[in-house]
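Comments concern the structure below.
The values are calculated or read from the model by the stated rules, or taken from the named source; none is laboratory data. Treat the numbers as computed from the prediction; the structure is a model and nothing was measured. No Cβ is skipped: glycine too gets one built from the backbone with ideal geometry, and neighbour counts run over all protein chains shown.
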Amino acid sequence: MSEIDPNRTKSALVLFSGGQDSATCLAWALERFDRVETVGFDYGQRHAVEMQARLDVRDGMVKVLPQWADRLGPDHVVDLTGYGKIADSALTAERAIEMDERGLPTTFVPGRNLVFLTCAAALADRRGLEVLVGGMCETDYSGYPDCRRDTIEAMAQALSLGLDKPVVIDTPLMHLTKAQTWELADRIGGAALVELIVEVSHTCYLGDREHRHAWGYGCGDCPACELRAAGHAEWAAGQ
């Protein structure tokens with residue numbers, strides 16, 4: 001990852017779900033950009049806890065990173081519930097979490113990141129925001145083809161053509177492991193930011209906010225929890 005460029009662009013729109021990855025990306029963006037806004041998507045996900053986590057993480061972020069609190073601008077929510085109904089998955093319907101006939105997890109929402117990026121690019125255009133920031137990661141990803149670097153680069157090109165202007169998509173976690181994502185959060189905001197991510201962010205596919213682990217709340221068994229737990233254990237072992 002490159003050092004902070006003093007001639008960097010000045011504004012960013014963070015695709016913000018309220019999970020570990022997007023929380024880390026929000027902190028990363030606040031460190032780098034003078035103006036940062038967030039956008040979330042209500043696509044009919046089964047667990048409303050995700051939408052609440054977004055608000056709680058944003059509120060906590062200005063407290064644990066007060067030096068950049070004035071950089072955090074408005075939050076936006078896009079209603080994509082109609083899309084969620086056609087993109088049937090274990091995240092939007094009562095389905096078992098397993099591998100499908102294509103070898104993809106049933107938590108895969110077809111085209112989700114493509115739709116999110118399109119909506120975010122349109123919003124950024126109208127808001128005058130220069131960079132889209134997303135938490136997509138192909139190193140530790142859960143089998144989602146729309147998290148791959150090739151997909152994101154192709155989307156940037158398509159959006160640039162469609163909007164007749166350069167569209168920059170920054171994915172700071174793309175080549176990081178989950179352990180390195182914890183390390184990045186620690187570097188940016190120290191123990192306070194790590195604690196915020198542990199206590200407030202939400203990643204569990206089953207929406208579990210009852211069981212508290214060293215790495216945060218979750219069922220501990222779904223793929224998202226397993227990735228988060230393994231990454232935290234690896235990071236903690238190196239402290």
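Looking only at the stretch 95-113, filter to residues that are buried (at least 16 other Cβ atoms within 10 Å of the Cβ) and not charged (D, E, K, R); which one of those is modelled with the highest pLDDT?
Asn113
Among the residues of the stretch 198-239, write down those that are out of contact with any Cys (no Cβ under 9 Å at 6 or more places or on another chain) and of a type in the set (Ser, Thr, Tyr).
Correct list: Ser201 only.
Could you list all residues from the stretch 29-58 that are in a loop (DSSP other than H, G, I, E, B) and either at pLDDT 95 or above or of a type in the set (S, T, N, Q) (or both)? Reasoning before the result, please.
Residues of the stretch 29-58 that are in a loop (DSSP other than H, G, I, E, B), as a first pass: 33-34, 43-48.
Scanning the stretch 29-58 gives Phe33, Asp34, Gln45.
Table: residues versus (1) touching a Lys or Arg at 6+ places or on another chain (Cβ under 6 Å); (2) in a helix (DSSP H, G or I); (3) surrounded by 15 or more Cβ atoms within 10 Å (Cβ to Cβ).
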| position | (1), (2), (3) |
| --- | --- |
| Met136 | no, no, yes |
| Glu153 | no, yes, no |
| Ala158 | no, yes, yes |
| Pro172 | no, no, yes |
| Thr181 | no, yes, yes |
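So, in the stretch 1-19, of the ones that are at pLDDT below 95 and buried (at least 20 other Cβ atoms within 10 Å of the Cβ), which residue ends up nearest to Leu114 (Cα to Cα)?
Taking the candidates together, the pick is Ser17.
On the given criteria, is Asp208 charged (D, E, K, R) and within 14 Å of the chain's Cα centre (by Cα)?
In short, no.
Looking only at the stretch 168-182, count every residue that is in contact with a Cys (Cβ under 9 Å, 6 or more places away or on another chain), touching a residue at least 60 places away in the same chain (Cβ under 8 Å) and more than 21 Å from Ala236 (Cβ to Cβ) and tell me the total.
Final tally of qualifying residues: 2.
Please go through the stretch 17-33 and give me each residue that is farther than 17 Å from Ile169 by Cα and out of contact with any Phe, Trp or Tyr (no Cβ under 9 Å at 6 or more places or on another chain), ordered by number.
Matches in the stretch 17-33: Gly18, Gly19.
Exactly one of these conditions fails for Asp221: (1) over 21 Å from Gly40 (Cα atoms); (2) in a helix (DSSP H, G or I). Give me its number.
Evaluating Asp221 over (1) over 21 Å from Gly40 (Cα atoms); (2) in a helix (DSSP H, G or I) leaves (2) as the failure.
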